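The values are calculated or read from the model by the stated rules, or taken from the named source; none is laboratory data. Note that this is a predicted model, so its numbers are computed, not measured. Note that we place each Cβ from the backbone using ideal geometry, even for glycine, and neighbour counts take in every protein chain shown. Areas reflect the complete protein model, heavy atoms only, side chains present, ligands, DNA and RNA absent. Shrake-Rupley method; radii C 1.70, N 1.55, O 1.52, S 1.80 Å.
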Amino acid sequence: MLSRLLKEHQAKQNERKELQEKRRREAIAAATCLTEALVDHLNVGVAQAYVNQRKLDHEVKTLQVQANQFSKQTAQWISMVEGFNQALKEIGDVENWARSIEMDMRTIATALEMFFEQFRGQKQTPEGNMNTQYIYELLGENASYYIAASFALLWILVWLYRDSLEIENLSDKYVFVTGCDTGFGNLLCKKLDRRGFRVLAGCLTEKGADNLKRVTGPHLKTVLLDVTSQSSIQAAMEWTKKEVGNRGLWGIVNNAGRSLPMGPSEWMRVEDFQSTLKVNINGVIAMTMTFLPLIKKARGRIVNVASVLGRVAANGGGYCISKFAVESFSDCLRRDISYFGIKVCIIEPGFFKTEVTNLDPIERELHRLWNQLSPEVKASYGEKYLDNYIKIQRLIMNAVCDSDLTKVTSCMEHSLTAAHPRTRYSAGWDAKLLWIPLSYMPSFVVDIGLKLVLPRPTKSV
């Protein structure tokens, strides 16, 4: 009996120990799970904190870069404002200087007028002779030269100041340019587009229009235009009228032109003259008269591209004739419509490297003209005349032609943006130093010069 009770007691104790061991293991397992969960949670939190820190560092660096860029831009703006203020100050100084000189000149003129009035009243008296002698001694023997030089300097300063003044609100002004596929017209459209004008470009081909639109901004628009066709001109005017609305057309630049054929006048046929005149003068007149109501509404500008060969007729063909006609038409038009606030400007470029002065088509046209001559005319010039003429043409073009087309487009730009545009613009050093001075010479001087340059026919007298 006692042994049985001991066994039962021992069994119960074993059960308790097993139960306690089981609970201890469960507690350890629960604690382990909790610890692992806490560790995992902490790891996730640390990783997230690390990621957030990296993001924060990146954002801080980005803000620092932006702050540095803004600081640099601010410094540039401040520098630009300071430069602008300095320019305004200099302009103000020039203006004040010009006004000061003008006041001095007026004072001198008033003093001289009073002196001459006194001199007329006292010229027969000894006192008058003394006053004259005093002024003469005061100013010296070159007094008249000093006064003339002062007035000339004043005139130059005032002219330079007026020439530098520009119109405002360029972004509200529309300008139509012809001949924009290549050359001067193409380059001018790009410059006006950068200045903020609303440019309407007339192109002869779709390829030229597409190429121009690809390199300009959204404010430049193109239209196909053939200046030899009145229907094409009328359609372009109607399109322009819709574009400009009630603002009118601020400027039109008649730039489209052709030069060929050029050569001795006897080699030409009537149709050779007409093909050039149709573009260079008939096209200019048709464009101007068709678009004139729109220009009159805006009290704008008409810019006609002539040439130095519109001042000096250096070769035969229709080119020189047409450019002389452009000069005459522009002068007449300027005087007739000046009462309405419209300015007419003439651009007179020298020789520049464009399609007009490309030697290959020029030589092809010379060969064509030579081949259509009768045997009698060829014999009068001689077999070597054409080769000599081409050699001289190459020599002149290579020596004189300027590759900097901006000299011409800057003149065009000034005629559209200046508050007081010039009547004529001579672009290029050959124009300023050779052709324009030569145009004021007697005719025999030009005749002799061309005879010395051009080849002489075999059967000349």
> Given the structure, is Thr182 open to solvent by 30 Å² or more (accessible area, probe 1.4 Å), within 16 Å of the chain's Cα centre (by Cα) and within 19 Å of Val303 (Cβ to Cβ)?
Replying inline: yes
> Would the range 254-277 turn up any residue that is in contact (Cβ under 8 Å) with a residue 40 or more places away in the chain, over 30 Å from Leu454 (Cβ atoms) and in contact with a helix residue (DSSP H, G or I) (Cβ under 8 Å, 6 or more places away or on another chain)?
Replying inline: yes
> Quick one: would you say Leu366 is touching a Pro at 6+ places or on another chain (Cβ under 9 Å) and either without any contact (Cβ under 8 Å) to a residue 24 or more places away in the chain or within 21 Å of Tyr319 (Cβ to Cβ) (or both)?
Replying inline: yes
> Residue check: is Ile436 under 16 Å from Met262 (Cβ atoms), β-branched (Val, Ile, Thr) and open to solvent by less than 40 Å² (accessible area, probe 1.4 Å)?
Replying inline: no
> Could you give every pair whose Cβ atoms fall below 6 Å, whose first residue belongs to the range 233-249 and is closer than 19 Å to Gly179 by Cβ, and whose second residue is surrounded by 15 or more Cβ atoms within 10 Å (Cβ to Cβ) and polar (S, T, N, Q), counting only separations of at least 6 or pairs across chains?
Replying inline: Ile233/Thr290; Met237/Thr290
> Yes or no: Glu376 more than 20 Å from Pro261 (Cβ to Cβ), among the charged types (D, E, K, R) and part of a helix (DSSP H, G or I)?
Replying inline: yes
>> I'm checking my understanding of the structure. Among residues of the range 433-461 that are of a type in the set (Gly, Ala, Ser) and assigned to a helix (DSSP H, G or I), which one is farthest from Glu383 (Cα to Cα)?
In response: Ser439
>> Which condition from (1) within 18 Å of the chain's Cα centre (by Cα); (2) closer than 25 Å to Leu309 by Cβ is the one that Trp267 breaks?
In response: (1)
> Being touching a Lys or Arg at 6+ places or on another chain (Cβ under 6 Å) and either in a helix (DSSP H, G or I) or under 28 Å from Ser307 (Cα atoms) (or both), is that true of even one residue in the range 148-167?
Replying inline: no
>> I need the full set of residues from the range 322-380 which are small (Gly, Ala, Ser), in contact with a Lys or Arg (Cβ under 7 Å, 6 or more places away or on another chain) and under 30 Å from Ala298 (Cα atoms), in order please.
In response: Gly341
> Is it the case that the range 411-419 has a residue that's of a type outside the set (Asp, Glu), over 19 Å from Leu434 (Cβ atoms) and surrounded by fewer than 16 Cβ atoms within 10 Å (Cβ to Cβ)?
Replying inline: yes
> Just checking, how many residues over the range 340-373 are among the small types (Gly, Ala, Ser) and surrounded by fewer than 18 Cβ atoms within 10 Å (Cβ to Cβ)?
Replying inline: 1
>> Exactly one condition in (1) crowded, with 17+ Cβ neighbours inside 10 Å; (2) more than 30 Å from Ser403 (Cβ to Cβ) is false for Phe176; which is it?
In response: (2)
>> Let me spell it out: the conditions are (1) within 25 Å of the chain's Cα centre (by Cα); (2) touching a residue at least 40 places away in the same chain (Cβ under 8 Å); (3) surrounded by 14 or more Cβ atoms within 10 Å (Cβ to Cβ), and Ile337 meets all of them except one. Which number is the exception?
In response: (1)
> So which residues in the range 314-334 are open to solvent by less than 50 Å² (accessible area, probe 1.4 Å) and hydroxyl-bearing (Ser, Thr, Tyr), if there are any at all?
Replying inline: Tyr319, Ser322, Ser330
> Out of all the residues in the range 301-312, is one or more open to solvent by 40 Å² or more (accessible area, probe 1.4 Å) and touching a Lys or Arg at 6+ places or on another chain (Cβ under 9 Å)?
Replying inline: yes
> Residues of the range 405-432 being closer than 15 Å to Lys190 by Cα and either of a type in the set (Gly, Ala, Ser) or assigned to a loop (DSSP other than H, G, I, E, B) (or both), which ones?
Replying inline: Leu405, Ser410
>> Gly202 - would you say it is within 25 Å of Ala298 (Cα to Cα), in contact with a Phe, Trp or Tyr (Cβ under 8 Å, 6 or more places away or on another chain) and open to solvent by less than 30 Å² (accessible area, probe 1.4 Å)?
In response: yes
